[in-house]
Amino acid sequence: MSAARRSPRPELLSPAPWLRVRRVSLIRREIREFVPAATIELLLQGAEIVVEGAPELGGADAERRAFASVMVTLDLRRNQAAFHELPDSATAHRLAALLTGHPDLHARLEQRLRAHLASLLGCPAAALDVSCEFTVRARGCCIDIDADACGQALEEVGS
């Protein structure tokens, strides 16, 4: 083959027109870390979850409520093959900070607690108002989530 055949055609390499910059942002930040909902679900599938609770004690006029303490342990090493990051202490601390106040974590844990609280009250899960408060912290390669939950039976559905 000749050298002339190997060289690219000049019309394919024409330079792109460049725009002249007139103003720039003073500060621009692009790095953003977040935990996707799919990751939270994967972590919760392999979690150790311990729930201890009981209905509220009281007379006939007492509201139909149940209270529970929830302890969730997410061991990052359990699903390490599914993650890009190494399951070390630094990653666990970063993840704990990102999970604190995460709306998907709150919703998914509340969903898991709903059935347990409903069984304590003997009512359908759909007829239960659930509220939870969570604390998230890192311990080695694990994430510990402690929660206090309250479930209150609503008025009978359809009445």
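Only the coordinates and a few stated rules stand behind these numbers; no lab work does. This one's a predicted model, so the numbers in the text were calculated from it and none came from an experiment. Cβ atoms come from the backbone with ideal geometry, glycine included; neighbour counts cover every protein chain shown.
Observations on the model:
- Mean Cβ count within 10 Å, highest first, over the residues of peptides 31-43, 131-143, 66-78: 66-78, 131-143, 31-43
- Where the Cα pairs of the stretch 36-153 fall when distances are cut into 10 Å bins, in %: 14, 42, 26, 13, 4, 1
- Dipole size of the stretch 36-153 about its Cα centre, with +1 on Lys/Arg Cβ and -1 on Asp/Glu Cβ: approximately 280 debye, rounded to the nearest 20.
- Ranking PRO103, ALA138, GLY151 by Cα position along the charge dipole of the stretch 93-159, where only Lys, Arg, Asp and Glu carry charges on their C-beta atoms, puts ALA138 farthest toward the positive end.
- Separation of the SER131 and ILE27 label points, Cα + 7 Å toward Cβ, nm: 3.6 nm
- Relative contact order (%) - criterion: Cα under 8 Å, at least six apart; region: the stretch 36-153: 33 percent
- The stretch 40-92 and the stretch 110-159 have Cα centres spaced 10 Å apart.
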